[in-house]
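Structure first, commentary second.
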Amino acid sequence: MKKLNIIAAFGMTAVMTLSSCIKEIDPQTSYVTADQAKDAPGAYANFVSSITSSLNGEFTYSGDSEYPFDFGYPSFFLQRDLLGQDMVSQDSGSEWYDVWYTGSSYLGPTYAYSQLPWTYYYGWIKNCNNVIGLAGETPTEDQKHGLGIALAMRAMFYMDLARMYAAKTYAADKNAETVPIVKEDTKNASNPRATNEQMYQFILADLDKAEALLADYTRPDVYTPNINVVYGLKARAYLTMEDWANAEKYAKLAYSGFTAMTKDQYLSQTDGFNTPNGSWIFGLTYRASDPNITNNDADSSWGSQMIVEVSESGCGYASNYIGPKSIDAHLFNSIPATDFRRMCFIDPAVDVQIGDATPETPAGQAVIKAALADYTDDPLGVYNTCYNVSAVGACQYAELKFRPKGGVHDNQYTAFTVAIPLMRAEEMMLIEAEAAGMQAESRGIQLLTDFAKTRDASYVYGTHNEAYGNTTTPAFQNEVWWQRRVELWGEGFATFDIKRLQKGIIRSYAGTNHIDNYQWNTTTVPEWMNLCIVQSETNNNSACTNNPTPNPPKGNSDPFVW
């Protein structure tokens, strides 16, 4: 794959869903001019549509189905969560996410992995810039909503990049470097990395404009940004900046009209985390016609990585090749039995109940079905995945949070066409609680307790505030963090929170389920959480500095004592 620096790449189109009235082009060799775009019927609307439709479904990084992690925005959820402690990889060497789980030096600037976020994020930003450039300073009435969408999404992409690349967050160091800002009119190839202060000023300016432009907008579906999404992005920004008053204000505005998922919705074996509901403020969806679904047996898709209950299809990394990703054993064991979210992960007690039973006999089948009855309507399939596919050889701690569409177990082309939440009311409720509590702790405790009791009626504040890593973090914030870790597991927030709270990670402890030789403990944010900029960018952009190549520990750390 040809490597390009971002300024050069921005002279070329990244749009993949243009009107047939625009000639198809090779993004490596050609470009579409503003005049050509303006002359094409319906072009502006198609440019707007491409901003969200290109979030998933294509092989944007490689151009083909070679890489199982090349399936769009949700892939970054897994990359960020596996950098930490709460998500456990089944196998350090064969399921394609090992480079993130192991904090590998392959994340360094001279390796192709560092090109992955650069290709995706700056391609998405290019799509936004196309719309912003076409609309100009004085958009028509027909253009203003599209412009608002583009500004909101550009802010979201830059916020992700800032949190992935800055060694310290805004609140810790306003001068820490993030990434170069490329706008619709940027032409200078010498473009330094923006500081946190410069980046968040830029992000908030985009969101302020988007808020005004989308104030009267009624979106067609949850897959399109609206004013609530803008408020939610502002809440995320102000949370990172530790502007607590604004974080609380915008989080509350963001979830206005939305409700927390019920137990039945959360644990639904047909619709769980695959179908929008009243909690989802923003999401995306995989379509039956997407290359990530139609090509390579759909193995290069989110469903292949995260949907366990399709063993009958014979495909999928989670169900048939490697096995499920798991929750960290300590985190799981800290979830009370009265908290229904515990049921998203298989209790090790299930393995004890199964014992030596096998599906070869009716009696063995009965034991397996009884042991897994509360978790899945495909017990024999899950048994096969856990015991015959998984490197662990057991069901313990395996995730079942993300369900196959419609509960389909024998056809991955249907099972993997799922929707995925990008922003939920619960995230906003937890931002509101944290922000309120950092202003007046008693108010935050009440909001946090009210939220927690929707998951565990027996919840008592003060039972989930373990201090490690940054031990100066207030106990209240640690308690909120625990709720975020459980509630948002697998949704891409782990690295952001560890960096924001300046925590370390704990993988080595008695009873750990982390892979041998990668059982590491750190007291500070691991350096591999500060992504490296691909070397082709720094070679072609003399003003752009870089982060150090990761140098992960060798061997296990001494066990941490809780």
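Points to keep in mind about this one:
- Condition met for Ile533 (touching a Gly at 6+ places or on another chain (Cβ under 8 Å), open to solvent by less than 10 Å² (accessible area, probe 1.4 Å) and either in contact (Cβ under 8 Å) with a residue 60 or more places away in the chain or within 16 Å of Arg163 (Cα to Cα) (or both)): no
- Filter result for Ala475 (open to solvent by 20 Å² or more (accessible area, probe 1.4 Å) and at pLDDT 95 or above): yes
- Only one of the listed residues (Ser50, Ser20, Ser65) is of a type in the set (S, T, N, Q), modelled with pLDDT under 85 and under 20 Å from Pro291 (Cβ atoms). That residue is Ser20.
- Looking across segment 159-191 at every residue that is within 26 Å of Asn130 (Cα to Cα) and basic (Lys, Arg), the one that is least open to solvent (accessible area, probe 1.4 Å) is identified as Arg163.
- Qualifying residue in segment 309-325 (condition: buried (at least 21 other Cβ atoms within 10 Å of the Cβ) and touching a Phe, Trp or Tyr at 6+ places or on another chain (Cβ under 7 Å)): no
- Within segment 197-256, being of a type in the set (Gly, Ala, Ser) and either more than 20 Å from the chain's Cα centre (by Cα) or at pLDDT below 95 (or both) holds for Ala205, Ala210, Ala212, Ala215, Ala245, Ala247, Ser256.
- Identity of the residue in segment 494-509, in contact with a Lys or Arg (Cβ under 9 Å, 6 or more places away or on another chain) and over 14 Å from Ile327 (Cβ atoms), that ends up most open to solvent (accessible area, probe 1.4 Å): Gln502
- Restricted to segment 73-102, and to residues there that are acidic (Asp, Glu) and assigned to a helix (DSSP H, G or I), the residue that is surrounded by the fewest Cβ atoms within 10 Å (Cβ to Cβ) is Asp98.
- Breaking point among (1) in contact (Cβ under 8 Å) with a residue 12 or more places away in the chain; (2) surrounded by fewer than 23 Cβ atoms within 10 Å (Cβ to Cβ); (3) polar (S, T, N, Q); (4) in a helix (DSSP H, G or I), for Gln446: (1)
- Selection within segment 47-72 - open to solvent by less than 10 Å² (accessible area, probe 1.4 Å) and in a helix (DSSP H, G or I): Phe47, Ser50, Ile51
- Contact map, segment 100-116: first residue under 24 Å from Asn556 (Cβ atoms), second residue of a type in the set (S, T, N, Q) and crowded, with 20+ Cβ neighbours inside 10 Å, Cβ cut-off under 9 Å, separation 6 or more or different chains; pairs are Trp100/Gln79; Trp100/Ser89; Tyr101/Ser89; Thr102/Ser89; Tyr106/Ser114; Leu107/Ser114; Gly108/Ser114.
- Counted residues, segment 401-430 - those being in a helix (DSSP H, G or I) and in contact with an Asp or Glu (Cβ under 9 Å, 6 or more places away or on another chain): 10
The values are calculated or read from the model by the stated rules, or taken from the named source; none is laboratory data. Everything numeric here is computed off the predicted structure, so don't read it as measured data. Here Cβ is always computed from backbone atoms with ideal geometry, including for glycine, and neighbour counts include all displayed protein chains. Please note that ligands, DNA and RNA were not included when accessible areas were found on the heavy atoms of the full protein model with its side chains. Shrake-Rupley method; radii C 1.70, N 1.55, O 1.52, S 1.80 Å.
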